[in-house]
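Q: Before anything else, here's the structure in question.
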Amino acid sequence: MLQCLSPSRRMVLRISWLGRKLQLYLFCGPGSGKGTQCSNIVEHFGFTHLSAGELLRSEIKSGSENGTMIDSIIKEGKIVPSEITVKLLQEAMVKSENDKFLIDGFPRNQENRLSFENVIKISPEFVLFFDCSEEEMVRRLLGRNQGRADDNVETIRKRFRVFEESSLPVVQYYDSKGKVKKINAAKPILEVFEDVKTIFQSYGPKAA
């Protein structure tokens, strides 16, 4: 059962249908390998990657009234309301000519999940759970040498706790419905993606 696992050992991919549009939702504990696996899924299976964080930042850079409001909310240290992020995701999906989407960074909590499902009217087909120890994720974050100011042990562990408190209940919700599938993300990148490909084989490779 999921309750027996370390709560910060998390990277989750949720798959669901919106009409004929296949959506894959990505959740992860920091350092679980999100960026690499996102790139692999996009490259090999033809998904469009939509990052909630990037959409918010792009809206801010646009200088729109909505972007100014989002910027103010973030600068005040508040959480951007779910309806704003849901609207940005919807607009991005409509603009795309693709019918398969990898949505990253949303929903982050149960309130996000409820808001998204109430608007989009979806229920995930299953949850793909990437399991990686907290110690391994710390090692990866400290060793990635990207010059990030938040890559120190104390801040990293705080990020784990935030993920545990906010996103873990979403995982547990779907686990209670028997929809969680688990993959060992502590293995080398190529081996992890081989496991991912097994899950995705029914969707076929990206069109040439």
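The values are calculated or read from the model by the stated rules, or taken from the named source; none is laboratory data. It should be emphasised that the depicted structure is a prediction, and the values quoted were computed from it without experimental measurement. Backbone-built Cβ (ideal geometry, glycine too); neighbour counts: all protein chains shown.
Q: Here is a list: S115, S123, S176. Which entry is under 26 Å from I79 (Cα atoms), out of contact with any Lys or Arg (no Cβ under 6 Å at 6 or more places or on another chain) and modelled with pLDDT of 85 or more?
A: Values: S123 fails: modelled with pLDDT of 85 or more; S176 fails: under 26 Å from I79 (Cα atoms).
Result: S115 is the single residue among S115, S123, S176 that is under 26 Å from I79 (Cα atoms), out of contact with any Lys or Arg (no Cβ under 6 Å at 6 or more places or on another chain) and modelled with pLDDT of 85 or more.
Q: Is at least one residue of the range 142-150 on the phi > 0 side of the Ramachandran plot and at pLDDT below 80? Give the steps one after another, and end with the answer.
A: Residues of the range 142-150 on the phi > 0 side of the Ramachandran plot: 145, 147.
Those left that are additionally at pLDDT below 80: 145, 147.
The answer is yes; a qualifying residue exists.
Q: Mind counting the residues in the range 45-76 that are outside any helix (DSSP H, G or I) and either touching a residue at least 60 places away in the same chain (Cβ under 8 Å) or exposed (fewer than 14 other Cβ atoms within 10 Å of the Cβ) (or both)? Before you say what the answer is, go through the steps one by one.
A: Here is the first cut: in the range 45-76, the residues outside any helix (DSSP H, G or I) are 46-51, 62-64, 76.
Adding the requirement that they be either touching a residue at least 60 places away in the same chain (Cβ under 8 Å) or exposed (fewer than 14 other Cβ atoms within 10 Å of the Cβ) (or both) leaves 46, 62-64, 76.
Selection size over the range 45-76: 5.
Q: Which residue is surrounded by the most Cβ atoms within 10 Å (Cβ to Cβ), if the candidates are limited to the range 167-208 and must be over 26 Å from F116 (Cβ atoms) and of a type in the set (G, A, S)?
A: Top of the filtered list is A186.
Q: Among all residue pairs at least 6 apart or on different chains, which show Cβ distances below 9 Å where the first residue, located in the range 171-200, is on the phi < 0 side of the Ramachandran plot and part of a helix (DSSP H, G or I) and the second is among the aliphatic types (A, V, I, L, M) and surrounded by fewer than 14 Cβ atoms within 10 Å (Cβ to Cβ)?
A: Going by the 9 Å Cβ cut-off, the qualifying pairs are D175/M1.
Q: If T85 passes every condition in (1) at pLDDT below 90; (2) of a type in the set (V, I, T); (3) not in a loop (DSSP other than H, G, I, E, B) but one, which one does it miss?
A: In the conditions (1) at pLDDT below 90; (2) of a type in the set (V, I, T); (3) not in a loop (DSSP other than H, G, I, E, B), T85 misses (1) alone.
Q: Let me ask something else. Return a yes/no flag: does the range 107-115 have any residue that is in contact with a strand residue (DSSP E or B) (Cβ under 8 Å, 6 or more places away or on another chain), surrounded by 20 or more Cβ atoms within 10 Å (Cβ to Cβ) and closer than 18 Å to S167 by Cα.
A: Checked against the condition, which is being in contact with a strand residue (DSSP E or B) (Cβ under 8 Å, 6 or more places away or on another chain), surrounded by 20 or more Cβ atoms within 10 Å (Cβ to Cβ) and closer than 18 Å to S167 by Cα, the range 107-115 yields at least one hit.
Q: Same structure again: Please list, ordered by first then second residue, the pairs with beta carbon atoms under 9 Å, 6 or more apart or interchain, first in the range 85-109 and farther than 20 Å from Y174 by Cα, second charged (D, E, K, R) and modelled with pLDDT of 85 or more.
A: Final answer for the pair search is L88/E59.
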